[in-house]
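Below is one structure, written out as structure tokens, with a few remarks after it.
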Amino acid sequence: MEIKRLDAHQQFQEERFTKKVLFQADGSIIFTLNFMPGQQLPVHRHPGTQVYVLVVQGGGTMIVDGVETEVRQGDCVRCGGEESFAFSNTGQEPATLYVNLNNIPDERFAREI
């Protein structure tokens with residue numbers, strides 16, 4: 001088992017957003033993206049993966065395949081890696097996204113228990 005503090009990965013910079021990796025193993029990576037007001041993540045894709053995002057703090061505008069949606073603390077988002085994805089902190093406070101990218105290699109692990 002490995003435990004890390006989320007708040008230790010909520011580091012902000014005035015110059016640009018930050019990415020802080022919490023865990024990476026077996027085809028998965030979990031990290032935070034931290035944005036000051038006005039900072040944004042450019043449009044990009046993660047082919048072959050599933051993308052899960054939890055808005056931990058703040059909020060902003062998430063753009064998935066060109067569709068803009070306002071998100072705020074507590075919102076959970078899933079999108080496929082083939083979808084184009086972007087985020088902009090349109091709020092007045094810092095924002096943190098908790099991101100999980102994974103590719104389940106075997107369908108047995110996708111079933112509900």
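The values are calculated or read from the model by the stated rules, or taken from the named source; none is laboratory data. Given the structure is predicted, the values throughout are model-derived calculations rather than measurements. We place every Cβ from the backbone using ideal geometry, glycine too, and count neighbours over all the protein chains shown. Calculation scope for accessible area: heavy atoms of the full protein, side chains included, ligands and nucleic acids excluded. Shrake-Rupley method; radii C 1.70, N 1.55, O 1.52, S 1.80 Å.
Which of the residues belonging to the range 65-80 are in contact (Cβ under 8 Å) with a residue 24 or more places away in the chain and among the aliphatic types (A, V, I, L, M)?
V77
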#### Entry: Hits in the range 33-63 - residues which are farther than 17 Å from F17 by Cα and either surrounded by 18 or more Cβ atoms within 10 Å (Cβ to Cβ) or modelled with pLDDT under 95 (or both)
R45, H46, P47, G48, T49, Q50, V51
### Task
Kindly list the number of the only condition in (1) touching a Ser or Thr at 6+ places or on another chain (Cβ under 8 Å); (2) exposed (fewer than 11 other Cβ atoms within 10 Å of the Cβ) that fails for R5.
(1)
### Query
Residues that are closer than 23 Å to R5 by Cα: which strands (runs of 3 or more DSSP E) entirely in the range 28-100 hold 2 or more of them?
28-35, 50-57, 76-80
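Name every residue in the range 64-88 that is open to solvent by 80 Å² or more (accessible area, probe 1.4 Å) and of a type outside the set (A, V, I, L, M), in order of residue number. Before you say what the answer is, go through the steps one by one.
Let us first name the residues in the range 64-88 that are open to solvent by 80 Å² or more (accessible area, probe 1.4 Å), namely 65, 67-68, 70, 72-73, 76, 78, 82.
Hits for the range 64-88 are D65, E68, E70, R72, Q73, C76, R78, E82.
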### Task
Keeping to the range 44-79, report how many residues are touching a Lys or Arg at 6+ places or on another chain (Cβ under 9 Å) and of a type in the set (G, A, S).
3
### Query
Is at least one residue of the range 13-23 open to solvent by less than 60 Å² (accessible area, probe 1.4 Å) and part of a loop (DSSP other than H, G, I, E, B)?
yes
